[in-house]
1. Starting from segment 16-40, take each residue that is more than 13 Å from Gln66 (Cβ to Cβ) and in a loop (DSSP other than H, G, I, E, B) and list its partners that are open to solvent by 70 Å² or more (accessible area, probe 1.4 Å) and at pLDDT 50 or above, counting only C-beta distances under 7 angstrom and pairs at least six apart or across chains.
2. I need a count of the residues in segment 41-56 that are open to solvent by 80 Å² or more (accessible area, probe 1.4 Å) and farther than 16 Å from Leu71 by Cβ.
3. Given the options Val106, Val61, Val12, Val21, name the one that is surrounded by 13 or more Cβ atoms within 10 Å (Cβ to Cβ) and either among the hydrophobic types (A, V, I, L, M, F, W, C) or at pLDDT 70 or above (or both).
4. Among the residues of segment 71-78, is any modelled with pLDDT under 90 and open to solvent by 70 Å² or more (accessible area, probe 1.4 Å)?
Amino acid sequence: IDSPTNPPPRRVRGGKWPNWVWGPPGGATPNQIADQLQDWFEAGAADGFNLMFPLLPEDWVNFAEQVVPELQRRGVFPTEYAPGTLRDRFGLARPANRFAEQRDNVRAVS
C-alpha cells in the first residue's frame with residue numbers, strides 16, 4: 001500500500017489506474033480506505049480523487065455511506081457547501097441562453 005512517503009504515481013503505465021479503492025486485494029475496511037485517501041491528500045500526492053467502482057450503484061452507495069462520513073469526521077471532506085454555483089463564486093456573469101432567446105422569438109411571432 002502506498003503511504004505519505006511513497007505516494008501513488010501521478011501517471012500509470014498504459015494510462016490505467018488500478019481499480020482497488022473499494023476492494024483491494026485482501027479487502028479493506030472503510031477506515032483503511034479513509035486512511036489511504038487522507039494520507040495521499042495530506043502528503044500532497046492528490047488534491048482530489050476520481051473513483052471507479054466495478055459494481056454500480058452498490059459500491060457508490062457503500063462508499064457514500066461508509067467512507068465519506070469517516071472522512072467528514074476527520075475534517076478532510078466537506079459536510080456542506082457554500083451556496084451558489086461555481087460561476088457565482090468566481091463572480092462571472094451568466095451568458096445569454098441562445099435557446100431561450102429563440103423560444104422567446106418564436107413566441108413573439110406566434
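1. Between residues of segment 16-40 that are more than 13 Å from Gln66 (Cβ to Cβ) and in a loop (DSSP other than H, G, I, E, B) and residues that are open to solvent by 70 Å² or more (accessible area, probe 1.4 Å) and at pLDDT 50 or above, the close pairs are Asn19/Met52; Asn19/Pro54.
2. Counting residues in segment 41-56 that are open to solvent by 80 Å² or more (accessible area, probe 1.4 Å) and farther than 16 Å from Leu71 by Cβ gives 4.
3. Within the list Val106, Val61, Val12, Val21, the selection yields Val21.
4. no
The values are calculated or read from the model by the stated rules, or taken from the named source; none is laboratory data. No experiment lies behind these values; they were computed from the predicted model shown. Because the Cβ atoms are built from the backbone with ideal geometry, glycine has one as well, and the counts that use them run over all protein chains shown. When the accessible area is computed, the model is the full protein with side chains, heavy atoms only, and any ligands, DNA or RNA have been set aside. Shrake-Rupley method; radii C 1.70, N 1.55, O 1.52, S 1.80 Å.
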